[in-house]
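Nothing in this text is a laboratory measurement; each read-out follows from the coordinates by a stated rule. Note that the structure is a prediction, hence the values are computed from the model and not measured. Heads up, the Cβs are rebuilt from the backbone with ideal geometry, glycines too, and the neighbour counts pull from every protein chain shown.
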Amino acid sequence: MTIVDLTSMAKPEEKQQDRVNVIVKALNEDVPGDCYQCGKCTSGCEAFILLELEPHKVMALSKSGFIDELLNSKVLWTCVTCMKCKERCPQNLAPVDVIFALKNVAVASGKQIHTGYSNMLQAVLGTGYIQKPKEVVGRENDTATRDGLGLPPLPQPKDMQKLQQALMKAATETLR
Amino acid sequence: MVRIGVFICHCGTNIGGVVDVDDVVQFASGLEDVVFATGYRYMCSDPGGRLINDSIKEHELDRIVVAACSPRMHEPTFQAVLVDADLNPYCLEMANIREHCSWVHKNDVDEATRKSKDLVAMAVAKARTLEPLESYHKNVVHEALVIGGGIAGIQAALDLAESGRKVYLVEREPSIGGRMAQLDKTFPTLDCSSCILTPKMMDVSRNPNIELYTYSEVVDVEGSVGDFKVKIKRKPTYVDWDKCNGCGECALACRLKDRIPDEFNEKLGKRSAIYVPFQQAVPLKYTIDPNACLMLRLGKCGDSPPCKDVCTLDAIDYGQKESIVDVNVGTIIVATGYDMLDAAEMYEYGYSRSPDIITNLEFERLICSSGPTGGKMHRLSDGGEVKSVSFILCVGSRDKDLKDYCCRIGCMGALKHAYLLREHEGDGLEINICYTDIRSFGKGYEEFYGRIRDIETNFIRGRPSEIKVQDDGRLVYDVFDTTTQKLLQVTSDVVVLVPALVPRNGAEDLGRMVKISRGADGFFLESHPKLKPVDTSTDGIFIAGCCQGPKDIPDVVAQASGAASRANTILSKDVLASVSTVSVVNEDLCSGCGICAPVCDYGAIEIVEVADSDGKKIAEVDVALCKGCGVCASACPSGAMEQKGFKCEQLSAMIRAVSSRDS
Amino acid sequence: MTRIGLYLGCLIPTEQYAYEMAIREVLPDFGMELVDVEGVACCGAPLRHINLSLTMYLSARNIALFEKDDLDMLAPCPYCHQAVSETKHVLDGNPELRKNVNAHLKEEGLTYRGTLRHYHLLDLLHDIVGVDRIKEKAKVSLEGLNIAAHYGCHLIRPNDIPRPDDSENPQKMETLLEAIGAKSDYYNEKLDCCGAHILLNESESALTKTGQKLQAVQKHGFSGLATMCPWGHRMFDSKQDSAAQTVGGSLDVPVIYYIQLLGLAMGKDPASLGMNLNRSPVDRLMAPREGV
């Protein structure tokens, strides 16, 4: 391609685009090509007003191949996953899923993510759940625990090691 | 002993780019009875035709195989070549190595070549069995039927009538005029729609060649090109139109005056139970709505029905019944027009949640000076003042969930509405148009768009995600304008949705009745998108106007005249060559079981008693009516019914030829 | 009794105990025997940002466990329910991917077959149990209560896979509220998002969304807000005070799981429904009960 963005001197990155599109296609969604920039997604985006996420712009940049700009942008992580964009797109495209694909590619390329997310991953690998049962406080400031409330014990995976191994394999091999 | 010539077309790269044509030519040369085989780039062209002609003479060929595109494309072309060379046109057999081979097997050239050889072998086997067939003729009825009395039907009927043909014009509503009668002004000239339409409607009523049936529907169509037998149902109007003079006293006196939502004003206005759709109706005769009229529904209307009391011509007739009129025509033009997509299907735009969210057709009625509000804009919810109007384009158009095609007239219609609003309401009114693309493609359209940009119209390039109704009834929506890259919040008193266009309701059933196909978008399908825009898959039946696809008035009128011209190519003849590949009965095998007669769509088969027999019955085919479809032959249990050119032994030869080939 | 497998996900059994308590208390009265399936783990939805394959694997795994025991699945958390729906949609439409996932599942002795039928409480109560049976059991009147329905984004979208209700005009919650005698007005903010998904990395914006929706509910004059999602409930109920601080207003909206409200209408002891665990002023919803 001979196209150059004169502001940043960036060029469209076809390889990166392919990595994103593989994930989008695996979700049975269409790649951004069909987008005609009507803007309906951004008009209804629940994250736009507070956080400036413009789903139509993500689609346009993905379509043109300026992926690095997106991977480095913080707006990817502002999506609230309300899915109104996917619901209302007249071309049946899914900006929310393109954003998820971009996040996955960002993580795989080693970009820093919020510790909260890595903590959840560690917890799932360790116990199968994103957190351990907590002690909660009620309206009258009374405390309660799962056992204290007489609820049955949490079902656990039988073999955590096997689960960890399977997860690690799935993470690297399933979506190519 | 036949002498077969095989001609294989490259069709540019369509076939030649996939199939090894030279290899197939060589293969064909080796087949029994094939005296000559060759290939050429475009067999359907003039030089191609001459090649065939010269080869026929040089090699004394008497059976021709052309391996090329589909016979639906060029069988008549090649048949004409044979006739030129003094051969019977039915000594031609085509092998479809394009649609059935090269076009679908692009990725496997070896298989495509092998398959082409199979198809050529089969065609050669058939060619060996071909016999010259005689042509039959049928008389053409020089009258025409036009279904639909909108501008398309009106134009087609006038063109045919002025060329001397008798035309039956059938319209479902009580008056002709269609959608154009509902318009206030037309873009881009801002002509008053009624002013340009009503003279044509008058011409229809005055033209002695046009027999007008309004409040009528076509209920049955039989026969084929040149000779259609049609039944028209005249619905009861409960008014004797021979007596009625359109004075209108009945409607003024009606007990339900101003109570019935009227269809002409898209249910925004009211009429009486006895009505004309609009004041310029043609014919200007009154009709009683049987779903509203108290007399017809309940058997009584007060002490005495006022319409009957005031009618000095004694035209009211509650006992009137529907009647059927039989007509016989040579061609039919279908011009049934369009409906709007129900805007409630896009729930997020709130059409069903506020009376102030309306469609562009409803807006047209409001802005029209002869409409339900006399052309004044006010909020339908509470009669309040309108300070801001928003137009939302592409509601359901260019949408893979609803209609994926463009409606063609939405952009221009909205621009026109902006102009009319500015003209009626002055400079104080805020006008917003939310668009994705402005499609102003026609003559004078771009200039008109420029004019609208000049009158302080807010063009917002974006599409709202949803429209909400505030507590005070005003409508509010957020829309991202991709030009300024700002999320704008807009509060309007009226929102006009521009919905997709769809075929008129009932078009599907009518299409089945006349046996024309529809495309994936639901509109009637033309024979060829570029070169045959008004013909259909059924000979003698043409389409015109929006029933073929959304379009604006100049295109509708042009297409209607086109359809009339096409219809005249049939009506100007006295006889038509009818099909030669007719069915024929083997009287020795036929038991007169009668299975074939009812399966014939054209009524060409009769079961008759054989003279001087003991009541033996056999089937008899009327070759003038037979269209050569072959259904009777496949239905026949004994094999007595066969179709010329497609007899059992002919088809068996083809099957043997391909099954005996090595793979 | 019909056996149905209960899949609670992560948030409900580790924090949103009231939801679980109310489910276990109410559903058996409608002839359902809730079965806890051994070996389940997180549905993987919270890990979707990191790697979709993790979500797909974990959900396929849960599906496989339920299929093994030949049980239908009740997933009261819409995040889990959507993860299951989407995993099914993707694996059923992509044989390559399905083969790949099954190859990994095999290591754990499991197979994804794609035969699972799964429900959320919304469609289970509305479509399977049915409004008539609910009306029958609602002996305590909730007349006078006007409860705002909060469906939540993950419950009704996206509509290209089967969801428990319509995405643009869902009505099942209103129908269920009316079945127990409450009113449920339409309000413009009905389909607005609670903000839960970005609580971790953009807490101020998340709580703003929560606060704004609660303000609208409050302004409209509703008696309370009914929820069907533990993430939404957590925002509206557990974090109502933080939300109020974030939007700079005062918020005083009773927030209750629908199933808790149903239990109250059936005359159940509020403690058994975990009512003391709701942090918002739900006592107001119970007040009419006294004296009936």
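Below is a table of values for the structure above.
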item	result
Least to most buried among B:Phe36, B:Phe187, B:Phe646, B:Phe391 (fewest other Cβ within 10 Å first)	B:Phe646, B:Phe36, B:Phe187, B:Phe391
Extension reserve of the B:Asp191-B:Asp427 stretch, reckoned as 0.36 nm per residue once the Cα distance is removed	82.7 nm
FRET efficiency for B:Ser565 and C:Asp185, using Cβ-Cβ distance with R0 set to 41 Å, rounded to 0.05	0.10
Relative contact order, percent, segment B:579-644 [alpha-carbon distance under 8 Å, six or more residues apart]	47 percent
Cα long-axis angle, helix A:14-26 against chain A (0 to 90 degrees, to the nearest 10)	50 degrees
Tilt relative to chain B, helix B:46-59 - C-alpha long axis, 0 to 90 degrees, to 10	20 degrees
Where a label projected 7 Å from the Cα of B:Ser613 along Cα→Cβ would reach, residues of segment B:555-597 with amide N under 16 Å	B:584-597
Length added when fully stretched, B:Asp54-B:Lys243, from 0.36 nm per residue minus Cα-Cα	61.0 nm
Sum of -39500 (n - 2.57) over DSSP H runs of 4+, divided by residues of chain B (222 nm, nearest 500)	-8000 deg cm²/dmol
Distance (nanometres) between label positions extended 7 Å along Cα→Cβ at B:Ser660 and C:Asp127	6.0 nm
For a label point 7 Å along the Cα-to-beta-carbon line of A:Gln165, residues of segment C:106-134 with backbone N under 16 Å	C:106-110
Angle in degrees between helix B:109-129 and the longest Cα principal axis of chain B, rounded to the nearest 10	70 degrees
Spin-label zone in segment A:144-161 - amide nitrogen under 20 Å from a point set 7 Å from the Cα of A:Leu125 along the C-beta vector	A:157-161
Cα centroid separation - segment C:262-285 against segment B:364-408, whole Å	49 Å
Rough spin-label spacing in nm, given labels placed 7 Å along Cα→Cβ, for A:Arg139 and B:Arg297	5.3 nm
Modelled FRET efficiency - R0 30 Å, C:Ser250 with B:Tyr347, Cβ distances, 0.05 increments	0.30
Point-to-point label distance, B:His378-B:Asp309, nm (Cα→Cβ direction, 7 Å offset)	3.2 nm
Computed lengthening from B:Glu587 to B:Glu606, 0.36 nm per intervening residue step minus Cα-Cα distance	5.5 nm
For segment B:131-194 and segment A:79-157, distance of Cα centres in Å	65 Å
C:Ser272-B:Gln470 FRET efficiency (beta carbon distance; Förster radius 56 Å; 0.05 resolution)	0.85
Hz values of 3J(HN,Hα) by residue in segment B:68-83 - Karplus curve (6.51, -1.76, 1.60), Gly and Pro given as x	7, 7, 6, x, 4, 7, 10, 4, x, 4, 6, 4, 5, 4, 5, 4
